[in-house]
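Only one structure is covered here, and it is reproduced in the block below.
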Amino acid sequence: MIYYYIYYIFYRIAKNNNSVFPNEFVAGICVLALNLWLLMSLVNEFYFFTNIRLMPKSLISPFSIIVLVLLIVINWFLFENKQRWNQIIKKIENSPSKARNVFIAWCIVIFVILNYWIISLYLLSIKS
């Protein structure tokens, strides 16, 4: 699953850089941020094309908190629960298609970052 490879990318980056936080925690936070950027870019682009707000202007709203908690629970269940991250990392490192899947995961990460920080925010600036 490519989602695991995205986690693996962030885990390897965290492992190569010294941090006071555990590598799996840093990778989980990065995956969470990527999920939020993807969701926000889709919401922003939907608003741009349809003029219908799916989220209130305020980031602190019940909807925002529910979405954030839902993403945290999903990431916890996929990676942290019973230390699944350890099994995932070992499985990926022994995978014969690791290079191809890591490349696809990098493409997705770059696309999400560019889509949110450039395209989505630019469309919102035009809309305002």
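The values are calculated or read from the model by the stated rules, or taken from the named source; none is laboratory data. This structure is a prediction, so every number in the text was calculated from the model and none was measured. Methodologically, a virtual Cβ is constructed for each residue, glycine included, from the backbone with ideal geometry; neighbour enumeration extends over all protein chains shown. Surface accessibility is based on the protein's heavy atoms, side chains included, excluding ligands, DNA and RNA. Shrake-Rupley method; radii C 1.70, N 1.55, O 1.52, S 1.80 Å.
Observations
- Close pairs from region 1-21: first closer than 19 Å to S95 by Cβ and open to solvent by 20 Å² or more (accessible area, probe 1.4 Å), partner hydroxyl-bearing (S, T, Y) and modelled with pLDDT of 95 or more, Cβ under 7 Å, at least 6 apart: none
- Within region 22-53, tally of residues that are over 30 Å from R100 (Cβ atoms), open to solvent by 70 Å² or more (accessible area, probe 1.4 Å) and out of contact with any Phe, Trp or Tyr (no Cβ under 6 Å at 6 or more places or on another chain): 4
- Condition check for I88: β-branched (V, I, T), surrounded by 14 or more Cβ atoms within 10 Å (Cβ to Cβ) and out of contact with any Ser or Thr (no Cβ under 6 Å at 6 or more places or on another chain): yes
- Of all residues in region 105-128, those satisfying the criterion of being touching a residue at least 40 places away in the same chain (Cβ under 8 Å) and surrounded by fewer than 13 Cβ atoms within 10 Å (Cβ to Cβ) are W117, I126, K127.
- Each residue in region 58-85 was checked for being more than 16 Å from I13 (Cβ to Cβ) and touching a residue at least 60 places away in the same chain (Cβ under 8 Å), and 1 of them qualify.
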